[in-house]
Amino acid sequence: MKIMLPDESGRMTPYTLGGEPIVGARLGANATRVVFAAAHVVADPFAAGDPGEPPAIDWEATMAFRRHLDGLGLGIAEAMDTAQRGMGLGWTEALELIGRTRAELPNARVFNGVGTDHLDTTDARSLDDVRRAYHEQLEAVQRLGGRVILMASRALARVASSPEDYADVYADVLGACDEPVILHWLGEMFDPALAGYWGHERFEDCTEVVLRIIEANLSKVDGIKISLLDKDKEVMLRRRLPEGVKMYTGDDFNYPELIEGDEQGFSHALLGIFDPLAPAAARAVARLSEGDAVSFRETLDATVPLARQIFRAPTRFYKTGVVFLAWLNGFQEHFVMLGGAQASRPLPDFVAIFRMADACGLLRDPELAATRMRRLLAVYGAKDH
């Protein structure tokens, strides 16, 4: 099957699709790694809504995608940054999303984002403001019976004046958690407002703060997700975690080797890239659980160029590539995002993602994907001849 695609100069050139679509194997309950995909939301393009108004969400398509992830045996990291949390999805909508997923998939492995994003950073005057905001979201999610990912707080980054401020706030919030939570260390490449989080600039100093928080609240911590796109830093922290505390990789550049691990340990996964890579992720980890590390690496290594393209700098706009692939693969009928975020990446990005997804077998219906790619090119004025 051929399609005309623009090259680097914008000239239309023929491209022949040749990828073999991956057939995802269901990840069983006895898998050797815990795997979460941070899931996107589907906007409702037909709803009226001006800037500043609550976002319109296509709930049926949004929940259908979660059924897809659960059907592959993957866990769901709900209402996280992949769902445009803090970049289009507000707390009110996030809580509704959490509630709908809880009601529709009560037996699925789901952890839910709890943060302070309903508190405007300009309104945060003190640590008590941050505490109250965390507790409000925590109580709402726990009332639904939901497990928790304790998200980094822009408001805390703004008002904290020392590492001790972070330790005090986290101790207070963790003390109110009904079950062990996943901590979330999100780097400033994902959110510039989190620069200097934990009260230091140097990673080594931040690590000491994080370890003190974990060790002081050990019964409340299931694990920690680290999203710094630096495998050496992740491994350094992983090797120092107390026994029983999981490392969840959030490294969308180096996930195959981090999940496989080494003689001193491995990382579990909580990844935005596993939204579009779900079939490959389930298949690969199923093979790893059977002792076939070679097939695991062959499957996931082939996806890394695509992941690096989607998560290229400025990294926070990676959600556009995630939703673009969801549209190409038929999980939604349009390429529209909350807040018009589909415009956050240029056309050459979409062309590169299309090519790379084909190459690693992540276009599940190549004919449909090619048809939709032609429609997108037409919007940009390209002609398929």
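The values are calculated or read from the model by the stated rules, or taken from the named source; none is laboratory data. These numbers were taken from a predicted model, which means no experiment stands behind them. In this analysis, Cβ positions are derived from the backbone assuming ideal geometry, glycine residues included, and neighbour counts consider all displayed protein chains.
Table for the structure above
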quantity: Checklist (1) in contact (Cβ under 8 Å) with a residue 40 or more places away in the chain; (2) within 25 Å of TYR318 (Cα to Cα); (3) touching an Asp or Glu at 6+ places or on another chain (Cβ under 6 Å) applied to THR101, failing item; calculated: (1)
quantity: Exclusive hit being of a type in the set (Ser, Thr, Tyr) and closer than 27 Å to LEU338 by Cα, set THR13, THR32, THR82; calculated: THR82
quantity: Residues of region 100-137 classified as surrounded by 18 or more Cβ atoms within 10 Å (Cβ to Cβ) and either of a type in the set (Gly, Ala, Ser) or modelled with pLDDT under 95 (or both), total; calculated: 5
quantity: Tally of residues being of a type in the set (S, T, N, Q), buried (at least 18 other Cβ atoms within 10 Å of the Cβ) and assigned to a helix (DSSP H, G or I) across region 138-180; calculated: 0
quantity: Verdict on LEU270 being touching a residue at least 40 places away in the same chain (Cβ under 8 Å), more than 23 Å from ARG67 (Cβ to Cβ) and not in a loop (DSSP other than H, G, I, E, B); calculated: no
quantity: Tabulated pairs, region 106-128, first farther than 17 Å from LEU186 by Cβ and free of Cβ contacts under 8 Å to residues at least 40 places away in the same chain, second in a loop (DSSP other than H, G, I, E, B) and small (Gly, Ala, Ser), C-beta under 8 angstrom, 6+ apart or interchain; calculated: VAL110/GLY146; HIS118/GLY90
quantity: Considering residues of region 298-320 that are closer than 17 Å to LEU271 by Cα, in a helix (DSSP H, G or I) and charged (D, E, K, R) only, the residue nearest to the chain's Cα centre (by Cα); calculated: LYS319
quantity: Criterion (of a type outside the set (S, T, N, Q) and modelled with pLDDT under 95) met by exactly one of ALA56, ALA43; calculated: ALA56
quantity: Every residue from region 8-62 that is surrounded by fewer than 19 Cβ atoms within 10 Å (Cβ to Cβ), without any contact (Cβ under 8 Å) to a residue 60 or more places away in the chain and not in a loop (DSSP other than H, G, I, E, B); calculated: THR13, PRO14, THR16, TRP59, GLU60
quantity: Residue selected from region 289-344 under the condition at positive phi and free of Cβ contacts under 8 Å to residues at least 60 places away in the same chain, by the criterion surrounded by the most Cβ atoms within 10 Å (Cβ to Cβ); calculated: GLY330
quantity: Of all residues making up region 339-357, the number that are at pLDDT 95 or above and touching a Pro at 6+ places or on another chain (Cβ under 8 Å); calculated: 5
quantity: Failed item in (1) out of contact with any helix residue (DSSP H, G or I) (no Cβ under 8 Å at 6 or more places or on another chain); (2) farther than 20 Å from PHE65 by Cα; (3) surrounded by 17 or more Cβ atoms within 10 Å (Cβ to Cβ), with PRO279 passing the rest; calculated: (2)
quantity: Qualifying residue in region 242-251 (condition: surrounded by fewer than 22 Cβ atoms within 10 Å (Cβ to Cβ) and either touching a His at 6+ places or on another chain (Cβ under 6 Å) or part of a helix (DSSP H, G or I) (or both)); calculated: yes
quantity: Meets criteria (surrounded by 18 or more Cβ atoms within 10 Å (Cβ to Cβ) and over 20 Å from THR62 (Cβ atoms)) for LEU271; calculated: no
quantity: Which numbered condition SER227 misses (of (1) more than 17 Å from ARG109 (Cβ to Cβ); (2) crowded, with 24+ Cβ neighbours inside 10 Å; (3) touching a helix residue (DSSP H, G or I) at 6+ places or on another chain (Cβ under 8 Å)); calculated: (3)
quantity: Among the residues listed as LEU74, LEU97, the single one being aliphatic (A, V, I, L, M), more than 27 Å from ALA195 (Cβ to Cβ), buried (at least 24 other Cβ atoms within 10 Å of the Cβ) and in contact with a strand residue (DSSP E or B) (Cβ under 6 Å, 6 or more places away or on another chain); calculated: LEU74
quantity: Hits in region 215-238 (condition: part of a helix (DSSP H, G or I) and closer than 24 Å to ALA37 by Cα); calculated: LYS220, LYS231, ASP232, LYS233, GLU234, VAL235, MET236, LEU237, ARG238
